[in-house]
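Visitor: Just dropping this structure here.
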Amino acid sequence: MEDTRPKKKSRFKKFLFWLLLICLIVLAGILWWKYYFVFGEGVKSGELNYVVRKGNLFKTYEGKLIQAGFRSKTAGSIQSYEFEFSVTDDSIANILMNNSGNHFDLHYKEYKGAVPWRGYSPFIVDKIISMRPEAK
């Protein structure tokens, strides 16, 4: 006679399945928090130094904004405030590239970490608030 009762899964296999599922969910949550959770938002103002498109595998737009004021990393030296950022939107990057040297107010989002397809910086410029020629 054949046994027609369904086979029971072992408790150890059930435990392993749930442990693996919970670990995957926790890992996904940590990765989302590190790379996709917007940690901060703000506006930076200054003279646009440059915007370039670079990268080996993922071509991204990287830029630098020189802000007013000075700081000193070491005693006896003076350095201007610099805001290094990435741009994901082609249209914003083209406007910035064509108006280098002008004064910009840029809205940005800050992430905890950078991902290669978004840029080298955790600061992502997503909007140009205002632009005006730099007073000389």
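The values are calculated or read from the model by the stated rules, or taken from the named source; none is laboratory data. What you are looking at is a predicted structure, and each value in this text was computed from that prediction instead of being measured. Every residue, glycine among them, receives a Cβ derived from its backbone with ideal geometry; neighbour counts consider all protein chains shown. Just so you know, the surface numbers come from the protein's heavy atoms only, side chains and all, with ligands and any DNA or RNA stripped out. Shrake-Rupley method; radii C 1.70, N 1.55, O 1.52, S 1.80 Å.
Visitor: Please list, ordered by first then second residue, the pairs with beta carbon atoms under 7 Å, 6 or more apart or interchain, first in region 81-100 and at negative phi and open to solvent by 40 Å² or more (accessible area, probe 1.4 Å), second of a type in the set (S, T, N, Q) and assigned to a strand (DSSP E or B).
Guide: These pairs meet every condition: Tyr81/Gln67.
Visitor: Return the residues of region 109-136 that are open to solvent by less than 30 Å² (accessible area, probe 1.4 Å) and in contact with a strand residue (DSSP E or B) (Cβ under 7 Å, 6 or more places away or on another chain); say none if nothing qualifies.
Guide: Step one: of region 109-136, the residues open to solvent by less than 30 Å² (accessible area, probe 1.4 Å) are 113, 115, 118-119, 121, 124-125.
Of everything in region 109-136, those that are open to solvent by less than 30 Å² (accessible area, probe 1.4 Å) and in contact with a strand residue (DSSP E or B) (Cβ under 7 Å, 6 or more places away or on another chain) turn out to be Arg118, Gly119, Ser121, Ile124, Val125.
Every residue, every condition in (1) modelled with pLDDT under 95; (2) part of a helix (DSSP H, G or I); (3) surrounded by 10 or more Cβ atoms within 10 Å (Cβ to Cβ); (4) within 29 Å of the chain's Cα centre (by Cα), yes or no:
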residue	(1), (2), (3), (4)
Asp3	yes, no, no, no
Leu27	no, yes, yes, yes
Phe39	yes, no, yes, yes
Leu57	yes, no, no, yes
Tyr61	no, no, yes, yes
Gln67	yes, no, yes, yes
